[in-house]
Amino acid sequence: MISFLICLALLVIGYLTYGKVVDNTFGPDDRETPAIRINDGVDYVVMPQWKLFLVQLLNIAGLGPIFGAMQGALWGPVVFLWITFGTIFAGGVHDYFSGMLSERNDGASISEVCGIYLGNGMKNVMRVFSVVLLVMVGTVFAVGPAGLIVTLFQNGGFSGIVTNTEFWLWIVLAYYFIATFLSIDKIIGKIYPVFGICLIIMAVGVGFGIMTNPAYEIPELWTHFYNMEPTGKPVWSFMFITVACGAISGFHATQSPLMARCMKSERQGHMVFYGAMVCEGVIALIWAAAGCSIYEVTNGLNTGLQAVLANGQSAAIYDVCSKTMGGVGVALAMLGVIACPITSGDTAFRSARLTLADWFKIDQEDFKKRLALCVPLLLVGAFVGHLDYSIVWRYFSWTNQTLAMIVLWTASMYLYQQKKNYWITAVPATFMSAVSATYFLLGDECLGQLINSKDASGATIYNTAVAYPVGILFAVLLLGIFIYATRKQPASNKK
């Protein structure tokens, strides 16, 4: 438990110290924000800081810091290190700059922001990349909650209530349409703070349940500093891709512009963007600790957790809630877990609408034009929702981290142009470049089936001898391209 508590303390200290370093490097000032200057009553609406923080937390949370962290726990307590240091030095930095660069550019979508600093070619790539990712995220966060609702009703013994996943999927999608279409303060601004409080209480309840139950012991890093994944998947880079939202997530970059359009002052950025990511890191750390401590370990491997996860996302989360809190706690926890992905799914589709609107210059004050974007987006989401869920999740994980890599390179170019310390973003950008490239070679949904092999029992032998060097070389190449690009253009003092 000591390892867990140390990591928890480091997250809080990181927010207070390194978070301020990031904030000071950017240099927020008292200029008029888009929420005040553009205020359209739909997407540009001033909201108080506490509400911005809770909405941002729910926007970025989803199932990532919950289910992703539990999956990451398969590798053992080593996942604590990635959640902690990934949040402080990568995820928080990424979320802060994606939000503040959007704010400095009239609340532009992240694809437009990348185009401003990396060129039109990258803008067009990011437009397509962002919309595809957002539709996948919205779909993942529609199917997941539908399954969780069914699991809650079935295990709770409720009678007379529909327990068909297909039915609840369409209910969730119907809500997504309404939330995507209406102005941001009508639904999102009113109910998100309530769900945000539920999410935080749920995380505290799970954490308290682990630490107070003598049957559960959170393993220490120094006694379990090895790969505990039962199938032998390497820590690098599978764990870094799997945890995703609990440490760094490109999806967050698509969500931050929503709050960038609602800030009264730039000085709110530290709490709203960096702070929400640290809070998500705390949630992920708690769920990772649950995965590491509750289930049976066989021959040093997390076989018990593997078996629970094999029953599906919904069943695994329900099992943790029932074991740590039981009774009333289950209902509260499941409410938080269901609300969490739903409140990310609706803003995913909302962000997709805004990305398309920015792309094709479609005025969103006109409700007919909003409707023309909302309907096809939700229809595509309904189609994707009927594909193999596990495949959609795997592609989401890789595209998620690749988008984070691109956003960090964008922030690095901005800082260079401003004659500021660009290494605070260039270092995590280089790291995430290596992560994404390595996984692209090893992952089954990418090139893994071409370069990996099987042993006599059918287990996968990962070709790390090729993937690791190539991943490192790719990261070094991108760093070299970045340094070369900075030599080719003079620094400026643009906004």
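The values are calculated or read from the model by the stated rules, or taken from the named source; none is laboratory data. Note that this is a predicted model, so its numbers are computed, not measured. Because the Cβ atoms are built from the backbone with ideal geometry, glycine has one as well, and the counts that use them run over all protein chains shown. Ligands, DNA and RNA are stripped out before the accessible areas are found, and what is left, the full protein with its side chains, is counted by its heavy atoms. Shrake-Rupley method; radii C 1.70, N 1.55, O 1.52, S 1.80 Å.
Quick notes on this one:
- For the range 1-100, the set of trypsin sites (Lys or Arg not before Pro) satisfying both a DSSP loop assignment and a count of at most 15 other C-beta atoms within 10 Å is given as Arg31.
- Exposed loop positions in the chain were taken to be GluC sites (Glu not before Pro) whose DSSP state is not H, G, I, E or B and which have at most 13 other beta-carbon atoms within 10 angstrom. Between these positions, the longest stretch is 33-216.
- Database remark: amide H of Lys264 closer than 5 angstrom to the amide H of Met47 (H placed geometrically; neighbours at sequence offset of 5 or more, or on other chains; Pro and chain starts carry no H).
- Only lysines eight or more places from Lys233 in sequence, or on another chain, were considered; those with a Cα closer than 24 Å are Lys454.
- Checking every one of the chymotrypsin sites (Phe, Trp or Tyr not before Pro) in the range 199-305 against DSSP loop status and a limit of 15 other Cβ atoms within 10 Å picks out Phe225, Tyr226.
- The mean accessible area for residues of the range 95-249, using a 1.4 Å probe and ignoring ligands and nucleic acids, is 37 Å² per residue.
- Rounded percent of accessible protein surface that carbon and sulfur make up, the chain, 1.4 Å probe: 67
- Listed by chain and number, the aspartates and glutamates whose C-alpha is less than 15 Å from the C-alpha of Lys123, apart from same-chain residues fewer than 8 away, are Glu112, Asp358.
- The range 398-462 and the range 109-140 have their alpha-carbon centroids 17 Å apart.
- Over 19 Å apart at the Cα level, from the set Lys420/Lys488; Lys51/Lys264; Lys51/Lys420; Lys419/Lys488, are Lys51/Lys420.
- Rel. contact order, % - alpha carbon contacts under 8 angstrom, at least six apart, the chain: 29
- In this view, the solvent-accessible surface of Lys264, computed with a 1.4 Å probe and all protein chains in place, comes to about 130 Å².
- Modelled spin-label separation between Lys20 and Lys369, with each label point placed 7 Å from Cα along the Cα-to-Cβ direction: 4.4 nm.
- Of (1) 69, 52, 41; (2) 72, 69, 53; (3) 58, 56, 42, the label for Cα extents along the principal axes in Å derived from the coordinates: (3)
- Listed peptides 241-249, 376-384 by packing density, highest first (mean Cβ within 10 Å): 241-249, 376-384
- Net charge dipole, the chain: roughly 1140 debye, given to the nearest 20, about the Cα centre with Cβ charges of +1 for Lys and Arg and -1 for Asp and Glu.
- Heavy atoms of Leu221: accessible area, 1.4 Å probe, square angstrom to 10: 20
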